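Trainee: Sharing a structure with you now.
The values are calculated or read from the model by the stated rules, or taken from the named source; none is laboratory data. Everything numeric in this text was worked out from a predicted model, so none of it was measured. Quick reminder, even Gly has a Cβ in these numbers, built from the backbone with ideal geometry, and neighbours come from all protein chains shown.
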Amino acid sequence: MIGRRARGVSEADALLHVFGYVAANDVSARDVQLGEAQWVRGKSLDGFCPLAPALVTRDEIADVQALGIRCLVNGEAVQSSNTREMIFSVPYLVAYLSRAITLEPGDLILTGTPAGVGLGLKPPRFLKRGDVVTVEIDGLGSVTNPVEGAFARG
């Protein structure tokens, strides 16, 4: 979460603009997302982007690029990685985005998901109504949400 306005910041100064971190579930409705040229609806339906109940301030995290991250579906770990495996680091993302977008206090930047998304599995594995998804990040806590709504199959 951005804590201080960021516009054109350097990668070296990027974390000075971060207030803190929160675990989030970057939900995707693949049938909607892949059925349209623009992905925004498939990432933005009602109830999408649940956040953990607590934000951890930047000073409480020694190294944001050294946190274990997991996704569990019905208690089974389906993704397990570490933030050091991110394609783009948090400082890079803040600096990069701030070159084109003025980041304001309260803005959230979701950084993506580790390998293991259901779409990429052989065979693909999709969530269904009644599944329970938990995203855990070491030091940040977790967010758990049920799969429900019109987008859920099953």
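Trainee: Just checking, how many residues over region 34-84 are farther than 25 Å from Glu148 by Cα, surrounded by fewer than 12 Cβ atoms within 10 Å (Cβ to Cβ) and in contact (Cβ under 8 Å) with a residue 40 or more places away in the chain?
Mentor: The number of residues fulfilling the criteria is 1.
Trainee: Any residue at all in region 143-152 that's at pLDDT 85 or above, more than 30 Å from Asp63 (Cα to Cα) and among the aliphatic types (A, V, I, L, M)? Before you say what the answer is, go through the steps one by one.
Mentor: Keep residues of region 143-152 that are at pLDDT 85 or above, which gives 143-147.
Add one more test, that the residue is more than 30 Å from Asp63 (Cα to Cα), and what stays is 146-147.
Retained after the next criterion (residues that are among the aliphatic types (A, V, I, L, M)): 147.
Yes, some residue in region 143-152 is at pLDDT 85 or above, more than 30 Å from Asp63 (Cα to Cα) and among the aliphatic types (A, V, I, L, M).
Trainee: Now for a separate question. Name the one entry in Ala115, Ala100, Ala77, Ala52 that is of a type outside the set (Val, Ile, Thr) and under 21 Å from Ala14 (Cα atoms).
Mentor: Details: Ala115 fails: under 21 Å from Ala14 (Cα atoms); Ala77 fails: under 21 Å from Ala14 (Cα atoms); Ala52 fails: under 21 Å from Ala14 (Cα atoms).
Going through Ala115, Ala100, Ala77, Ala52 in turn, just one is of a type outside the set (Val, Ile, Thr) and under 21 Å from Ala14 (Cα atoms): Ala100.
Trainee: Follow-up. Scan region 123-140 and report the pairs whose first residue is in contact (Cβ under 8 Å) with a residue 24 or more places away in the chain and whose second residue is outside any loop (DSSP other than H, G, I, E, B) and of a type in the set (Phe, Trp, Tyr), with Cβ atoms within less than 7 Å and a gap of 6+ or a chain change.
Mentor: Matching pairs, first to second residue: Leu140/Tyr21.
Trainee: Quick check on this structure: which one of Leu127, Leu72 is over 27 Å from Arg7 (Cα atoms), hydrophobic (A, V, I, L, M, F, W, C) and touching a helix residue (DSSP H, G or I) at 6+ places or on another chain (Cβ under 9 Å)?
Mentor: Numbers: Leu72 fails: touching a helix residue (DSSP H, G or I) at 6+ places or on another chain (Cβ under 9 Å).
Criteria check complete, one pass: Leu127.
Trainee: Find the residue count for region 3-23, including only residues that are in a strand (DSSP E or B) and surrounded by fewer than 20 Cβ atoms within 10 Å (Cβ to Cβ). Talk me through it step by step, then tell me what you get.
Mentor: Within region 3-23, the subset in a strand (DSSP E or B) is 6, 18, 20-21.
Cutting the leftovers down to surrounded by fewer than 20 Cβ atoms within 10 Å (Cβ to Cβ) gives us 20.
Adding up the residues that qualify gives 1.
Trainee: If we keep just the residues of region 1-49 that are of a type in the set (Val, Ile, Thr) and under 18 Å from Val117 (Cα atoms), which is modelled with the highest pLDDT?
Mentor: Residues of region 1-49 of a type in the set (Val, Ile, Thr): 2, 9, 18, 22, 27, 32, 40.
Then drop every residue that is not under 18 Å from Val117 (Cα atoms), which leaves 27, 32.
On the way: Val27: 81, Val32: 72.
Among residues in region 1-49 that are of a type in the set (Val, Ile, Thr) and under 18 Å from Val117 (Cα atoms), the one modelled with the highest pLDDT is Val27.
Trainee: Then there is this: Between Asp31, Asp26, which is surrounded by fewer than 16 Cβ atoms within 10 Å (Cβ to Cβ) and not in a loop (DSSP other than H, G, I, E, B)?
Mentor: On the way: Asp26 fails: not in a loop (DSSP other than H, G, I, E, B).
When all the criteria are applied, what remains is Asp31.
Trainee: Got at least one residue in region 11-26 being touching a residue at least 60 places away in the same chain (Cβ under 8 Å) and of a type in the set (Ser, Thr, Tyr)?
Mentor: yes
Trainee: Which of the strands (runs of 3 or more DSSP E) found entirely inside region 39-154 contain at least 2 residues meeting this: of a type in the set (Val, Ile, Thr)?
Mentor: On the way: elements: 68-73, 76-82, 132-137, 141-146.
Filter on region 39-154 gives 68-73, 132-137, 141-146.
Trainee: Name every residue in region 109-125 that is among the hydrophobic types (A, V, I, L, M, F, W, C) and either out of contact with any Asp or Glu (no Cβ under 6 Å at 6 or more places or on another chain) or more than 11 Å from Asp26 (Cα to Cα) (or both), in order of residue number. Don't jump to the end; show me each part of the working.
Mentor: First, the residues of region 109-125 that are among the hydrophobic types (A, V, I, L, M, F, W, C): 109-110, 115, 117, 119, 121.
Correct list: Ile109, Ala115, Val117, Leu119, Leu121.
Trainee: Can you tell me which residues in region 105-146 are acidic (Asp, Glu) and either out of contact with any strand residue (DSSP E or B) (no Cβ under 8 Å at 6 or more places or on another chain) or under 27 Å from Tyr92 (Cβ atoms) (or both)? Spell out the reasoning first.
Mentor: In the first step, residues of region 105-146 are kept if they are acidic (Asp, Glu); the result is 107, 131, 136, 138.
Residues satisfying the conditions are Asp107, Glu136, Asp138.
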